[in-house]
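Below is one structure, written out as structure tokens; comments come after it.
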Amino acid sequence: MATTPVFILPGLLEDSDCFEHQIARIRQSTPCSVADLTASDTIAGLARDAVEQAPAGRFALAGHSMGGYVAFEILREAPGRVERLALLNTNARPDTPESTANRRRLMALAEKDFPAVIEALTPKLMTAEALADPDKSGTIGAMALAAGKEAFARQQSAIIGRIDSRPHLAKIACPTLVVAGREDAIMPLELLEEIARGAPRATLAVIERCGHIPSLERPEELAELLVSWLEQ
């Protein structure tokens with residue numbers, strides 16, 4: 001396996017706990033670290049934060065959901081740093097007016113009752129099968145509470161303000177793995193197919209019986225995909 005260090009960009013209200021299984025597998029052969037994406041309120045700011053935390057030199061970059069938006073920005077600003085790319089359950093489009101309105105409603109609710117926001121979001125994140133596992137659903141809640149409502153507001157503001165990355169897909173020169181969950185209600189398969197068509201060296205992998213968080217729902221399958229990605 002290649003010895004390029006792996007740098008993971010987590011999604012909304014996620015931290016390294018979301019990727020515990022994959023980190024353990026990757027670290028058998030190469031360093032692996034996870035960015036803290038809680039400090040800034042723009043995608044450009046989060047990308048700068050991430051680059052400051054990244055391994056020295058070139059690295060393999062994996063972004064999940066919001067982390068994918070940050071990955072696109074890193075590729076625009078520092079493409080030479082990224083040796084290979086994995087985009088997990090994300091999309092290249094800007095926020096829709098409907099999504100923006102919903103985010104603003106949740107941000108307002110978070111000011112009054114952040115646990116209610118977590119309760120509202122969780123059923124959309126995983127399949128019913130995965131949600132029935134208290135370890136998996138509990139990890140989501142624990143990560144969200146650890147991040148807190150202020151970080152939630154900053155991250156949602158960043159997501160709302162993201163640009164359209166579709167015109168930039170053709171410029172992605174590195175080998176790219178695109179991962180979709182067959183039952184992902186937040187990032188439907190067609191959005192990942194769009195990325196895979198647009199990036200010249202992309203390969204699409206679809207994980208069956210999986211929603212938005214394959215790192216928790218199908219940890220072994222995602223780990224295998226990432227190990228193979230590093231060996232390309």
* Asked: If we scan the stretch 111-132, do we find a residue that is aromatic (F, W, Y) and within 20 Å of H64 (Cβ to Cβ)?
  -> no
* Asked: Taking S65, is it buried (at least 20 other Cβ atoms within 10 Å of the Cβ) and either without any contact (Cβ under 8 Å) to a residue 24 or more places away in the chain or hydroxyl-bearing (S, T, Y) (or both)?
  -> yes
* Name the residues in the stretch 164-188 that are of a type in the set (V, I, T) and under 15 Å from A86 (Cα atoms), would you? -> I172, T176, V178, V179
* Asked: Is there any pair with a first residue in the stretch 197-222 that is touching a residue at least 24 places away in the same chain (Cβ under 8 Å) and a second that is assigned to a helix (DSSP H, G or I) and hydroxyl-bearing (S, T, Y) whose Cβ atoms are under 7 Å apart and which are 6 or more apart or on different chains, and what are they?
  -> L216/T139; L222/S215
* Scan the strands (runs of 3 or more DSSP E) fully inside the stretch 1-93 and keep the ones with 1 or more residues being closer than 19 Å to A144 by Cα and small (G, A, S). => 59-64
* Check R162, R103 and return the single one that is surrounded by 14 or more Cβ atoms within 10 Å (Cβ to Cβ), within 16 Å of the chain's Cα centre (by Cα) and either outside any loop (DSSP other than H, G, I, E, B) or in contact (Cβ under 8 Å) with a residue 12 or more places away in the chain (or both). => R162
* Asked: How many of the residues making up the stretch 169-185 are in contact with a Lys or Arg (Cβ under 6 Å, 6 or more places away or on another chain) and surrounded by fewer than 22 Cβ atoms within 10 Å (Cβ to Cβ)?
  -> 3
* To do: Check whether at least one residue in the stretch 173-192 is small (G, A, S), on the phi > 0 side of the Ramachandran plot and touching a helix residue (DSSP H, G or I) at 6+ places or on another chain (Cβ under 9 Å), and report yes or no.
  => no
* Within the stretch 130-149, which residues are surrounded by 13 or more Cβ atoms within 10 Å (Cβ to Cβ), in a helix (DSSP H, G or I) and among the charged types (D, E, K, R)? -> K136, K149
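Values in this text are rule-based calculations from the coordinates and carry no lab data. Keep in mind that what you see is a predicted model, and the values were worked out from it rather than measured. Virtual Cβ from ideal backbone geometry, glycine too; neighbours counted across all protein chains shown.
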